[in-house]
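The structure appears right after this line, and notes come after that.
The values are calculated or read from the model by the stated rules, or taken from the named source; none is laboratory data. What you are looking at is a predicted structure, and each value in this text was computed from that prediction instead of being measured. Here the Cβ positions follow ideal geometry from the backbone for every residue, glycine too, while neighbour counts run over all protein chains shown. Accessible surface is based on the protein model in full, side chains and every heavy atom, while ligands, DNA and RNA are left aside. Shrake-Rupley method; radii C 1.70, N 1.55, O 1.52, S 1.80 Å.
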Amino acid sequence: FALLPAVLFGTALFAGGDAHWGYTGHEGPDAWGELSPKYKVCSEGRNQSPINVVSSMDADLEALILDYQASSTELVNNGHTVQLNFSAGSTLTIDGIVFELKQFHFHTPSENHIKGKSFPLEAHFVHLDKEGNIAVLALMFQEGKENKALAKVWERMPEKSGEKSKLTLADIAKALLPANLDYYRFNGSLTTPPCTEGVRWLVLKTSVSVSKAQVEQFAHTMHHPNNRPIQPLNARVIVE
């Protein structure tokens, strides 16, 4: 479990003592694989995320079983994203395996693209099973009316890197999701160092609304885009 803090809190956090990374300049995505031996897979991996979902095979995918019961606990600005952590008790079941929701966080603009389209905001719901395997549910936001569920998170958004605020919201994870949970599935990686592969990616086809002001508030807090560029698909197949 020594690696868990880097993964759990670290689809968007670097582990203590590891090389610092970022989204701009000499620490940007093109350099991640060179910053630390632990990050080599960022440049050498064959199943990296994010991707552009262009073509997919109809595989009659199983329905996602979401049982989001737990409340959030704290909202963290870790310098790479704004992340809402959860207490135990919310689960995603897929492949007969139960994954527990640990946190969700945001990227602007979106990291994944759907049929070449970039979205102004993307949320990643990060889940772990008992063995530490990761499943990420990705939700796209389309510019439109204000998102009332998101507003509850944004009004407590910590503005400086390292700041946290206690935030207990019941049903917030469920409230953000669309009614239609049809999805694309592919094998990928964390989109931040150490870029660990073997991640189950589930990208929802249905987007939800977000206002331009809400996107700008997050972008202003981050000070720069926090999306990793699209990665090569290589031999992977996307199924739907």
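Within region 62-102, track down each residue that is small (Gly, Ala, Ser) and open to solvent by 10 Å² or more (accessible area, probe 1.4 Å).
If the condition is that a residue be small (Gly, Ala, Ser) and open to solvent by 10 Å² or more (accessible area, probe 1.4 Å), then 63, 70, 71, 79, 87, 88, 89, 96 are the ones that fit.
Do you know which residues across region 165-196 are open to solvent by less than 60 Å² (accessible area, probe 1.4 Å) and of a type outside the set (A, V, I, L, M, F, W, C)?
Once the filter is applied, which keeps residues that are open to solvent by less than 60 Å² (accessible area, probe 1.4 Å) and of a type outside the set (A, V, I, L, M, F, W, C), region 165-196 yields 165, 178, 183, 184, 185, 188, 189, 191, 192, 193, 194, 196.
In the list 149, 138, which residue meets the criterion of being surrounded by 15 or more Cβ atoms within 10 Å (Cβ to Cβ) and touching a helix residue (DSSP H, G or I) at 6+ places or on another chain (Cβ under 6 Å)?
149
If you scan region 102-135, which residues turn out to be within 17 Å of residue 178 (Cβ to Cβ) and either touching a residue at least 12 places away in the same chain (Cβ under 8 Å) or of a type in the set (Gly, Ala, Ser) (or both)?
Result: 104, 106, 110, 112, 114, 119, 120, 121, 122, 123, 124, 125.
Being surrounded by 19 or more Cβ atoms within 10 Å (Cβ to Cβ) and of a type outside the set (Val, Ile, Thr) is the filter here; which residues of region 197-216 pass it?
200, 201, 202, 204, 207, 214, listed by residue number.
Any chance region 42-63 includes a residue that's within 20 Å of the chain's Cα centre (by Cα), over 15 Å from residue 188 (Cα atoms) and outside any loop (DSSP other than H, G, I, E, B)?
Scanning region 42-63, I find no residue that is within 20 Å of the chain's Cα centre (by Cα), over 15 Å from residue 188 (Cα atoms) and outside any loop (DSSP other than H, G, I, E, B), so the answer is no.
List the number of the failed condition for residue 234; all other conditions in (1) buried (at least 16 other Cβ atoms within 10 Å of the Cβ); (2) on the phi > 0 side of the Ramachandran plot hold.
Of everything listed in (1) buried (at least 16 other Cβ atoms within 10 Å of the Cβ); (2) on the phi > 0 side of the Ramachandran plot, residue 234 misses just condition (1).
Which of the residues spanning region 160-205 are among the hydroxyl-bearing types (Ser, Thr, Tyr) and under 16 Å from the mean Cα position of the chain (by Cα)?
183, 184, 189, 191, 192, 196
Just to be sure, is residue 199 of a type in the set (Val, Ile, Thr) and in contact with a helix residue (DSSP H, G or I) (Cβ under 8 Å, 6 or more places away or on another chain)?
The answer is no for residue 199.
How many residues does region 103-123 hold that are open to solvent by less than 20 Å² (accessible area, probe 1.4 Å), more than 14 Å from residue 80 (Cβ to Cβ) and touching a helix residue (DSSP H, G or I) at 6+ places or on another chain (Cβ under 6 Å)?
Residues flagged as open to solvent by less than 20 Å² (accessible area, probe 1.4 Å), more than 14 Å from residue 80 (Cβ to Cβ) and touching a helix residue (DSSP H, G or I) at 6+ places or on another chain (Cβ under 6 Å) within region 103-123 amount to 1.
What pairs come up if the first residue lies in region 226-238 and is under 30 Å from residue 79 (Cβ atoms), the second is open to solvent by less than 40 Å² (accessible area, probe 1.4 Å) and not in a loop (DSSP other than H, G, I, E, B), and their beta carbons are under 6 Å apart, counting only those six or more places apart or on different chains?
Filtered contacts from region 226-238: 226/107; 227/107; 228/29; 229/29.
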